[in-house]
Amino acid sequence: MHAEALNRLNPSGETIQVGTTLITFLVTGADSNGSVAIFEMGVPSGEKIPSPFHSHDAYEETIYGIEGVTTWTVDSTPIDVPPGQALCIRRGEVHGFANNGDVDARALAVVSPAVIGPEFFRAISAIFSAGLEPAEARARVGETMRQFGLTPAPV
């Protein structure tokens, strides 16, 4: 394979750990002229999303199950996403996810347009790694979410 072709495969290739969840960016907005961001999420068994339920008004987020099962709660309705199934979360829908199973799960997330990217997950990871008191961490996560166009849901 030519070197130019190899540079186009998973051009971003950055993995960011947020709590126990691993986020591996495959394509960012910079790679796709802003049309799409694609990342894989690795979620250990029994884990919930390390940020609050939220919505976003500037993009759709489609989740495709690769391994294990993630459970997405979208507007108060739990939806299991097993391997081979896709769930489109529309703009404005409040959502969050968990891995309620006893095996690790992997899912692909496709964000269109590519409004969010690795910068958001790096910022959230730094908050989780800072050893803050829970109330301070929640406040900083909420601020960061708003900075990147996510709206935390009321608790």
Once fully extended, how much extra length lies between residue 133 and residue 93, figured as 0.36 nm per residue of separation less the alpha-carbon to alpha-carbon distance? 11.5 nm
Beyond 13 Å, how much of the Cα-Cα pair distribution for the stretch 58-114 remains, as a whole percent? 56 percent
Whole-percent carbon and sulfur contribution to the accessible surface of the chain (1.4 Å, no ligands, DNA or RNA) stands at 53 percent
What do the square roots of 5 times the Cα gyration tensor eigenvalues come to for the chain, in whole Å, largest first, as semi-axes of the equivalent ellipsoid? 24, 19, 16
Just want the answer: with Cβ charges of +1 for Lys and Arg and -1 for Asp and Glu, which residue in 54, 89, 108 is farthest toward the dipole's positive end in the chain? 54
Please give the per residue accessible area of the chain, computed with a probe of 1.4 Å over protein heavy atoms only, in Å². 53 Å²
Dipole in debye (nearest 20) - the chain, about Cα centre, beta carbon charges: Lys, Arg +1; Asp, Glu -1: 200 debye
Given the options 79, 151, 117, identify the residue whose Cα lies farthest towards the positive end of the charge dipole of the chain (+1 on Cβ of Lys, Arg; -1 on Cβ of Asp, Glu). 151
Neighbourhood net charge (13 Å Cβ-Cβ; Lys/Arg +1, Asp/Glu -1) for residue 25: -3
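The values are calculated or read from the model by the stated rules, or taken from the named source; none is laboratory data. All values reported here derive from a predicted model rather than from experimental measurement. Glycine also receives a Cβ, built like all others from the backbone with ideal geometry; neighbour counts cover every protein chain displayed. SASA here: full protein model, heavy atoms, side chains in, ligands and nucleic acids out. Shrake-Rupley method; radii C 1.70, N 1.55, O 1.52, S 1.80 Å.
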